[in-house]
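The values are calculated or read from the model by the stated rules, or taken from the named source; none is laboratory data. Remember, predicted model here, so these are calculated numbers, not experimental data. Ligands, DNA and RNA are stripped out before the accessible areas are found, and what is left, the full protein with its side chains, is counted by its heavy atoms. Shrake-Rupley method; radii C 1.70, N 1.55, O 1.52, S 1.80 Å.
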Amino acid sequence: MRRRFIFASLAVVLAFILLGGAGTAALWRSNATINAGTVGTGTLIILNGDASTQVKNTVLSSLTASALVPGGSAQAPLTVRNAGTAKFAYGLAGITGNAVGTASVALQSALQISIIAVANTAACPVNGAAASGTQLYNGAVSSSATFSAVQNLLPSTSMVLCLRITLPSSATVTVAAGQLALTFNWRADQIR
């Protein structure tokens, strides 16, 4: 009898364990429709040009190096404007050239580019003395060129940059004979 009691007890304990391990299942479900409203991000438009007219792509004809000699430089102001409705941070996203031929490739390699934030266009006279202001870039023609610090622009505001190209005095006269068109690429990112 004692054996039957032990087997019966084990059977009961085993049944409790199996039933306890089965757990319970419950499904809770609810749904409702909400009105999320409208989310507006604003418009992001970066324009550049001279003091009176800014467009998406501009040719800066006043920045010419047609008479650039070793040790010489040329500069011109560029106005960057936020024509959108959102505040943005912008910066340089590379400088590229279209160098074709030995002299042009050598010219592109030798040129030094300087971009300085100035108070107004008068602070950056075309082909005048080097402008003073906040140095944002100083280096070579490079597709990976970037500003040292991102610049912020509120809607309907603008900033003047002084673009300066310099041919080092160590460059040869044949390098100065090269022809080159530079493209300055800009990037703008909306910020809050």
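Structure data summary
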read-out: Accessible-area composition of the stretch 48-190, carbon plus sulfur, in percent [1.4 Å probe]; value: 52 percent
read-out: Average accessible area per residue (Å²) across the stretch 48-190 - probe 1.4 Å, nucleic acids and ligands excluded; value: 49 Å²
read-out: Estimated D of the stretch 48-190 in µm² per second, where Rh is the Kirkwood radius over Cα pairs and Stokes-Einstein applies at 4 °C, 1.567 mPa s; value: 83 µm²/s
